[in-house]
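The values are calculated or read from the model by the stated rules, or taken from the named source; none is laboratory data. Keep in mind the model is a prediction, meaning the values are calculated, not measured. Here Cβ is always computed from backbone atoms with ideal geometry, including for glycine, and neighbour counts include all displayed protein chains. Keep in mind that these areas ignore ligands, DNA and RNA; they rest on the heavy atoms of the full protein, side chains included. Shrake-Rupley method; radii C 1.70, N 1.55, O 1.52, S 1.80 Å.
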Amino acid sequence: EVGKMIIEPAPVPVATVLADVHSLVRVQADQAGLELVFPPVDEGLVAWCDEARLKQVLLNLVDNAVKFTPRGGSVTVSVERREQEGALRIAVRDTGIGIALEKRDLIFDKFTQVDGSSTRARGGSGLGLAVSRRLVEMMGGAMSCESDGEGRGSTFHFTLPVYREGEHI
Ligand code: ADP
(Lines give C-alpha, C1' and ligand atoms only; values in the text may rest on other atoms or scores of the structure.)
Protein backbone atom coordinates (compact mmCIF):
# COMPACT_ATOMS: atom_id res chain seq x y z
CA GLU A 1 0.00 0.00 0.00
CA VAL A 2 2.71 2.46 1.01
CA GLY A 3 4.94 1.70 -2.00
CA LYS A 4 2.26 2.72 -4.47
CA MET A 5 1.51 6.14 -3.09
CA ILE A 6 1.47 8.74 -5.81
CA ILE A 7 0.41 12.35 -5.37
CA GLU A 8 -1.05 14.37 -8.21
CA PRO A 9 -1.51 17.88 -6.86
CA ALA A 10 -4.05 20.35 -8.25
CA PRO A 11 -6.14 23.24 -6.90
CA VAL A 12 -8.76 21.66 -4.61
CA PRO A 13 -11.75 23.58 -3.19
CA VAL A 14 -11.80 22.56 0.45
CA ALA A 15 -15.49 23.26 1.14
CA THR A 16 -16.50 20.81 -1.61
CA VAL A 17 -14.27 18.04 -0.27
CA LEU A 18 -15.59 18.51 3.27
CA ALA A 19 -19.18 18.43 2.00
CA ASP A 20 -18.44 15.11 0.24
CA VAL A 21 -16.81 13.65 3.33
CA HIS A 22 -19.72 14.87 5.45
CA SER A 23 -22.26 13.03 3.32
CA LEU A 24 -20.08 9.88 3.28
CA VAL A 25 -19.83 9.62 7.08
CA ARG A 26 -23.26 10.94 8.13
CA VAL A 27 -24.99 7.55 8.33
CA GLN A 28 -22.06 5.92 10.11
CA ALA A 29 -21.99 8.68 12.76
CA ASP A 30 -25.76 8.50 13.12
CA GLN A 31 -25.66 4.76 13.74
CA ALA A 32 -22.92 5.28 16.33
CA GLY A 33 -25.11 7.84 18.12
CA LEU A 34 -22.68 10.69 17.54
CA GLU A 35 -23.22 14.31 16.64
CA LEU A 36 -21.30 15.26 13.53
CA VAL A 37 -20.29 18.92 13.31
CA PHE A 38 -18.95 20.54 10.15
CA PRO A 39 -18.74 24.31 10.72
CA PRO A 40 -19.14 26.30 7.47
CA VAL A 41 -15.96 26.59 5.38
CA ASP A 42 -14.97 29.64 3.34
CA GLU A 43 -15.94 28.73 -0.25
CA GLY A 44 -12.89 30.55 -1.57
CA LEU A 45 -10.45 28.35 0.32
CA VAL A 46 -8.40 26.30 -2.17
CA ALA A 47 -5.70 23.81 -1.21
CA TRP A 48 -2.84 22.64 -3.41
CA CYS A 49 -3.08 18.87 -2.96
CA ASP A 50 -4.39 15.58 -4.35
CA GLU A 51 -8.17 15.57 -3.86
CA ALA A 52 -8.56 11.77 -3.64
CA ARG A 53 -5.71 11.55 -1.11
CA LEU A 54 -7.15 14.39 0.96
CA LYS A 55 -10.46 12.52 1.11
CA GLN A 56 -8.67 9.30 2.05
CA VAL A 57 -6.91 11.06 4.94
CA LEU A 58 -10.10 12.74 6.16
CA LEU A 59 -12.06 9.50 5.99
CA ASN A 60 -9.37 7.71 7.98
CA LEU A 61 -9.41 10.38 10.71
CA VAL A 62 -13.20 10.61 10.89
CA ASP A 63 -13.46 6.82 10.85
CA ASN A 64 -11.13 6.61 13.84
CA ALA A 65 -12.95 9.42 15.64
CA VAL A 66 -16.25 7.56 15.21
CA LYS A 67 -14.67 4.24 16.26
CA PHE A 68 -13.14 5.60 19.46
CA THR A 69 -15.99 7.84 20.67
CA PRO A 70 -18.80 6.43 22.81
CA ARG A 71 -22.46 7.13 21.98
CA GLY A 72 -23.65 10.61 22.85
CA GLY A 73 -20.32 12.21 21.90
CA SER A 74 -19.41 14.37 18.96
CA VAL A 75 -16.98 14.59 16.06
CA THR A 76 -16.07 18.00 14.63
CA VAL A 77 -14.24 18.67 11.37
CA SER A 78 -13.03 22.24 10.97
CA VAL A 79 -10.67 24.25 8.82
CA GLU A 80 -8.67 27.35 9.54
CA ARG A 81 -6.44 29.44 7.38
CA ARG A 82 -2.90 30.10 8.55
CA GLU A 83 -2.04 33.19 6.59
CA GLN A 84 1.59 33.58 7.72
CA GLU A 85 2.45 30.03 6.71
CA GLY A 86 0.53 30.01 3.41
CA ALA A 87 -1.18 26.93 4.78
CA LEU A 88 -4.54 25.76 5.93
CA ARG A 89 -5.11 23.53 8.90
CA ILE A 90 -7.81 20.88 9.09
CA ALA A 91 -8.77 19.47 12.50
CA VAL A 92 -10.79 16.36 13.36
CA ARG A 93 -11.79 16.57 17.01
CA ASP A 94 -13.67 13.97 19.01
CA THR A 95 -14.95 13.61 22.56
CA GLY A 96 -13.89 9.97 22.80
CA ILE A 97 -11.49 7.76 24.72
CA GLY A 98 -8.47 10.00 24.13
CA ILE A 99 -4.83 8.98 23.81
CA ALA A 100 -2.30 8.74 26.65
CA LEU A 101 0.62 11.18 26.31
CA GLU A 102 3.26 8.46 25.97
CA LYS A 103 1.36 6.89 23.07
CA ARG A 104 0.80 10.01 21.01
CA ASP A 105 3.84 9.61 18.78
CA LEU A 106 3.65 5.83 18.55
CA ILE A 107 0.22 5.77 16.93
CA PHE A 108 1.70 7.11 13.69
CA ASP A 109 3.98 4.07 13.45
CA LYS A 110 2.93 1.26 11.19
CA PHE A 111 0.87 -1.43 12.87
CA THR A 112 0.55 0.37 16.20
CA GLN A 113 -2.70 -0.15 18.00
CA VAL A 114 -2.76 1.45 21.43
CA ASP A 115 -4.83 -1.22 23.06
CA GLY A 116 -4.61 -4.40 21.02
CA SER A 117 -7.67 -6.09 22.48
CA SER A 118 -10.25 -3.31 22.49
CA THR A 119 -8.92 -1.85 19.26
CA ARG A 120 -9.04 -5.05 17.32
CA ALA A 121 -12.59 -5.59 18.50
CA ARG A 122 -13.36 -2.27 16.81
CA GLY A 123 -11.69 -3.40 13.61
CA GLY A 124 -8.71 -1.82 11.89
CA SER A 125 -5.33 -2.70 10.44
CA GLY A 126 -3.11 -0.27 12.36
CA LEU A 127 -1.91 1.07 9.00
CA GLY A 128 -4.28 4.00 8.70
CA LEU A 129 -2.48 6.78 10.54
CA ALA A 130 0.98 5.89 9.23
CA VAL A 131 -0.32 6.08 5.67
CA SER A 132 -2.31 9.26 6.36
CA ARG A 133 0.65 11.08 7.86
CA ARG A 134 2.87 10.00 4.96
CA LEU A 135 0.30 11.19 2.39
CA VAL A 136 0.02 14.57 4.12
CA GLU A 137 3.81 14.93 4.14
CA MET A 138 3.97 14.03 0.44
CA MET A 139 1.47 16.86 -0.17
CA GLY A 140 3.73 19.30 1.68
CA GLY A 141 1.95 19.30 5.04
CA ALA A 142 2.37 17.81 8.51
CA MET A 143 0.09 15.82 10.81
CA SER A 144 -0.02 15.62 14.58
CA CYS A 145 -2.42 14.81 17.37
CA GLU A 146 -3.38 16.23 20.73
CA SER A 147 -5.39 14.88 23.59
CA ASP A 148 -6.14 16.13 27.08
CA GLY A 149 -5.60 12.54 28.20
CA GLU A 150 -7.43 9.27 28.39
CA GLY A 151 -11.19 9.70 28.33
CA ARG A 152 -10.93 13.33 27.28
CA GLY A 153 -11.11 13.19 23.51
CA SER A 154 -8.53 13.58 20.76
CA THR A 155 -7.77 16.10 18.04
CA PHE A 156 -5.89 15.18 14.90
CA HIS A 157 -4.78 18.03 12.71
CA PHE A 158 -2.87 18.42 9.52
CA THR A 159 -1.74 21.24 7.31
CA LEU A 160 -1.82 21.64 3.53
CA PRO A 161 -0.41 24.36 1.29
CA VAL A 162 -2.92 26.98 0.16
CA TYR A 163 -3.20 27.29 -3.62
CA ARG A 164 -1.94 30.55 -5.03
CA GLU A 165 -2.20 31.19 -8.73
CA GLY A 166 1.09 30.90 -10.57
CA GLU A 167 3.00 29.63 -7.56
CA HIS A 168 2.91 25.89 -7.98
CA ILE A 169 3.85 25.15 -11.57
P1 ADP B 1 -6.41 1.26 13.15
O2 ADP B 1 -7.54 2.23 13.35
O3 ADP B 1 -6.51 0.48 11.89
O4 ADP B 1 -6.08 0.46 14.37
P5 ADP B 1 -4.82 3.63 12.88
O6 ADP B 1 -3.42 3.79 12.39
O7 ADP B 1 -5.88 4.35 12.17
O8 ADP B 1 -5.09 2.09 12.89
O9 ADP B 1 -4.83 4.00 14.40
C10 ADP B 1 -3.80 3.51 15.27
C11 ADP B 1 -4.26 3.53 16.70
O12 ADP B 1 -4.34 4.87 17.19
C13 ADP B 1 -5.65 2.96 16.91
O14 ADP B 1 -5.63 1.56 16.98
C15 ADP B 1 -6.06 3.62 18.22
O16 ADP B 1 -5.50 2.92 19.32
C17 ADP B 1 -5.40 4.98 18.13
N18 ADP B 1 -6.34 6.02 17.67
C19 ADP B 1 -6.49 6.49 16.41
N20 ADP B 1 -7.43 7.45 16.34
C21 ADP B 1 -7.91 7.60 17.60
C22 ADP B 1 -8.91 8.46 18.17
N23 ADP B 1 -9.60 9.37 17.45
N24 ADP B 1 -9.13 8.34 19.51
C25 ADP B 1 -8.42 7.44 20.25
N26 ADP B 1 -7.48 6.62 19.77
C27 ADP B 1 -7.21 6.68 18.45
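Residues of the range 137-154 with an amide N closer than 16 Å to a point placed 7 Å from the Cα of E167 along the Cα-to-Cβ direction: 139-142. In the chain, taking the dipole from charged Cβ atoms about the Cα centre, the farthest positive-side position among A91, H22, G33 is held by G33. Annotation for the range 153-169 versus the range 38-112: alpha-carbon center distance of 12 Å. Here the sum of -39500 (n - 2.57) over DSSP H runs of 4 or more residues, divided by the residues of the chain, equals -10000 deg cm²/dmol at 222 nm, to the nearest 500. Taking only protein heavy atoms and a 1.4 Å probe, the accessible area of the chain is 49% carbon and sulfur. Computed on the range 1-112, with alpha-carbon pairs under 8 angstrom and 6+ residues apart, the relative contact order is 26 percent. Per residue, the chain exposes an accessible area of 53 Å² to a 1.4 Å probe, with every protein chain left in place.
Sorting I97, I107 on solvent-accessible area from highest to lowest, probe radius 1.4 Å, gives I97, I107.
By the Cα gyration tensor, the chain has an equivalent ellipsoid whose semi-axes, rounded to whole angstrom, run 26, 18, 14 from largest to smallest.
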